[in-house]
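Structure, as structure tokens:
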Amino acid sequence: MASTKKLKEIISTLTDQIGLVNLYIHESEELKKKDTSFIICDLDYTLFSRDEQIEWEPMLKEKRGYEGNTYMINHIGINNMVAKYYEWKKYPQDIIKKLSPESSLILTAGIPEYQHKKRRSMNIEHIPMKVVWEWKDKVLETIRYVLFELKYIPAEIIVYEDRPQFFVEYKELIEWALWTKLTIMYVEMDGNEGYKKIEELGS
């Protein structure tokens, strides 16, 4: 089990507010523990593939991340993107059917307005969602959400991600801060036809 000193060293690579470790540990000690699982999943390339839009909007393939979003907003528009590539589209239900409003969270990075419009067009507004600025922010948001919004400690947190590297890298931090088990599921979609892989890492 990691020491508080080691956890502060780990968290310092995510934020300069290393005192958060003490806060997280204190809060987790105060919360009720439940013998349940809580699911956290990404949106893009985990629940819904972007392959079609990348094929038909080649500039989005050339410009990724911030540049891609800037191009999309200025040259295509959020509403146009959602209407063309998300509304009335079929997508696999393997992970979706595991989600519930009480025991799940969609945790995604990107532009909040865009991500929320995607969720609405997919008819999954009943599932809570948090949008962070970049991938690594998901680590601290996971801890924060459990402590301050979920307000209980599940026995297990199951993460579904197509890019799970930050959860792998900071698994120890999450498990020790929350006193829970973190199960990381790597997801590889086959477009929106289905999944090539949904497999546990480190199993």
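Find the residue count for the range 119-131, including only residues that are in contact with a Ser or Thr (Cβ under 9 Å, 6 or more places away or on another chain) and open to solvent by 70 Å² or more (accessible area, probe 1.4 Å).
So the answer is 1.
If you take the residues in the range 177-200 that are over 18 Å from residue 136 (Cα atoms) and in contact with a Lys or Arg (Cβ under 9 Å, 6 or more places away or on another chain), which one is most open to solvent (accessible area, probe 1.4 Å)?
193
So how many residues does the range 8-24 have that are open to solvent by 20 Å² or more (accessible area, probe 1.4 Å) and either among the aliphatic types (A, V, I, L, M) or touching a strand residue (DSSP E or B) at 6+ places or on another chain (Cβ under 8 Å) (or both)?
5
Could you list, in sequence order, the residues of the range 17-43 that are in contact (Cβ under 8 Å) with a residue 24 or more places away in the chain and either touching a Lys or Arg at 6+ places or on another chain (Cβ under 6 Å) or among the hydrophobic types (A, V, I, L, M, F, W, C) (or both)?
Listed by number, the residues that qualify are 20, 21, 25, 31, 38, 39, 40, 41, 43.
Restricting the search to the range 132-147, which residues are closer than 26 Å to residue 34 by Cα and either buried (at least 20 other Cβ atoms within 10 Å of the Cβ) or touching a helix residue (DSSP H, G or I) at 6+ places or on another chain (Cβ under 6 Å) (or both)? Reasoning before the result, please.
The first filter runs over the range 132-147 and keeps only residues closer than 26 Å to residue 34 by Cα, leaving 137-147.
Once the filter is applied, which keeps residues that are closer than 26 Å to residue 34 by Cα and either buried (at least 20 other Cβ atoms within 10 Å of the Cβ) or touching a helix residue (DSSP H, G or I) at 6+ places or on another chain (Cβ under 6 Å) (or both), the range 132-147 yields 138, 139, 140, 142, 143, 146, 147.
Test residue 27 against the criterion of being surrounded by fewer than 18 Cβ atoms within 10 Å (Cβ to Cβ) and modelled with pLDDT under 95, and give yes or no.
no
I'd like to verify a number: residues in the range 85-118 that are under 20 Å from residue 67 (Cβ atoms) and either open to solvent by less than 80 Å² (accessible area, probe 1.4 Å) or touching an Asp or Glu at 6+ places or on another chain (Cβ under 9 Å) (or both), how many?
Let us first name the residues in the range 85-118 that are under 20 Å from residue 67 (Cβ atoms), namely 85, 108-115, 118.
Next, only the ones that are either open to solvent by less than 80 Å² (accessible area, probe 1.4 Å) or touching an Asp or Glu at 6+ places or on another chain (Cβ under 9 Å) (or both) stay: 85, 108-112, 114-115, 118.
Summing the residues that are under 20 Å from residue 67 (Cβ atoms) and either open to solvent by less than 80 Å² (accessible area, probe 1.4 Å) or touching an Asp or Glu at 6+ places or on another chain (Cβ under 9 Å) (or both) in the range 85-118 gives 9.
The values are calculated or read from the model by the stated rules, or taken from the named source; none is laboratory data. Worth saying up front: this structure is predicted, and the values here are computed from it rather than measured. Positions of Cβ are generated from backbone atoms using ideal geometry, with glycine treated the same way; all protein chains shown enter the neighbour counts. Each accessible area value is taken on the protein alone, full model and side chains, heavy atoms only, with ligands, DNA and RNA left out. Shrake-Rupley method; radii C 1.70, N 1.55, O 1.52, S 1.80 Å.
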